[in-house]
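Laboratory data are not the source of any read-out in this text; all were calculated from the coordinates shown. Computed from a prediction, not measured in an experiment: that's the story for all the values here. So basically every Cβ, Gly included, is an ideal-geometry build from the backbone, and we count neighbours across all protein chains shown.
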Amino acid sequence: MFDFIKIGEVPKTSWSSEETFNLKPRLKTLMALVIGLMLFGLGEALLVTSQIGVSPWTALGQGFANVSELGLGLTTFFISVFVLFLWIPLKQKPGIGTVLNAIIISLVLHFAIPLLPIFEENFLRLIQAILGVFITGIGGGIYLIANLGPGARDGLMTGLQRVTKFPIAWVRSSIELAVLAIGWWLGGVIGLGTIIFALGIGPCLAISLKIFGSNNLHKGL
């Protein structure tokens with residue numbers, strides 16, 4: 001029942017790209033990438049509008065903004081650049097997905113946040129945050145399976161998983177908790193939604209990889 005927790009690598013399907021650095025992907029591969037990234041952005045937007053805590057990486061950006069007196073956008077950019085440098089010893093390869101990750105997710109956040117409801121009731125905010133984390137995990141699994149290059153943070157996850165051989169859910173949750181701890185130490189804003197994201201994104205991502213990477217599903221695609 002819970003065998004998705006043991007998933008140790010991103011599966012390959014009929015719609016996965018054979019090579020990460022692929023400048024001419026098949027249409028269904030590109031569509032999977034775009035759909036996955038749009039869902040990822042929508043999930044992040046739901047977490048933001050729940051107003052009960054941002055994701056650990058945003059909290060980390062807030063923490064560095066506090067100690068450096070730089071804006072959140074600039075600190076987030078510098079963190080992404082630093083994470084990309086961590087790819088080098090992990091021998092991670094960028095791709096179209098690495099670039100589209102930043103573009104599509106940013107656009108979805110920009111346009112979705114004003115359209116999403118903001119609830120007054122704490123229970124509805126909690127449901128919204130949980131739904132946001134789940135959708136983020138589902139989208140992350142879809143675009144990772146497309147194999148056109150992960151975003152900076154997901155590339156760190158897949159690289160560490162390959163080196164350590166630990167299950168993806170464990171690796172992702174460990175990264176999020178470490179980032180959360182540093183962000184909190186630096187003064188980032190932490191809430192219940194932040195903790196839900198840190199603990200839930202790994203299992204939700206693993207569920208997505210299990211569902212969309214299953215042989216029964218992709219045989220007909």
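Let me confirm something: among 172, 153, 125, which residue is touching a Ser or Thr at 6+ places or on another chain (Cβ under 6 Å), crowded, with 20+ Cβ neighbours inside 10 Å and among the charged types (D, E, K, R)?
125
Filter the stretch 136-154 for residues that are under 24 Å from residue 27 (Cβ atoms) and not in a loop (DSSP other than H, G, I, E, B) and give the result.
Across the stretch 136-154, the qualifying residues are 138, 139, 140, 141, 142, 143, 144, 145, 146, 154.
Find the residue count for the stretch 156-167, including only residues that are more than 14 Å from residue 85 (Cα to Cα) and either surrounded by 20 or more Cβ atoms within 10 Å (Cβ to Cβ) or of a type outside the set (D, E, K, R) (or both).
Summing the residues that are more than 14 Å from residue 85 (Cα to Cα) and either surrounded by 20 or more Cβ atoms within 10 Å (Cβ to Cβ) or of a type outside the set (D, E, K, R) (or both) in the stretch 156-167 gives 6.
Can you tell me which of 125, 153 is more than 29 Å from residue 18 (Cβ to Cβ), basic (Lys, Arg) and in contact with a helix residue (DSSP H, G or I) (Cβ under 7 Å, 6 or more places away or on another chain)?
Only one candidate passes the filter, namely 125.
Suppose we filter the stretch 90-105 for residues that are surrounded by fewer than 12 Cβ atoms within 10 Å (Cβ to Cβ) and assigned to a helix (DSSP H, G or I); how many remain?
Total meeting the criteria: 1.
Could you go through the stretch 206-214 and let me know if any residue there is within 20 Å of residue 112 (Cβ to Cβ) and of a type outside the set (Lys, Arg).
Among the residues of the stretch 206-214, at least one is within 20 Å of residue 112 (Cβ to Cβ) and of a type outside the set (Lys, Arg), which makes the answer yes.
Looking at the structure I just gave you, is residue 58 under 22 Å from residue 172 (Cβ atoms), surrounded by fewer than 24 Cβ atoms within 10 Å (Cβ to Cβ) and out of contact with any Cys (no Cβ under 6 Å at 6 or more places or on another chain)?
Yes: the conditions hold for residue 58.
Evaluate the following for residue 205: is it outside any loop (DSSP other than H, G, I, E, B), buried (at least 20 other Cβ atoms within 10 Å of the Cβ) and in contact with a helix residue (DSSP H, G or I) (Cβ under 6 Å, 6 or more places away or on another chain)?
Spelling it out, residue 205 is indeed outside any loop (DSSP other than H, G, I, E, B), buried (at least 20 other Cβ atoms within 10 Å of the Cβ) and in contact with a helix residue (DSSP H, G or I) (Cβ under 6 Å, 6 or more places away or on another chain).
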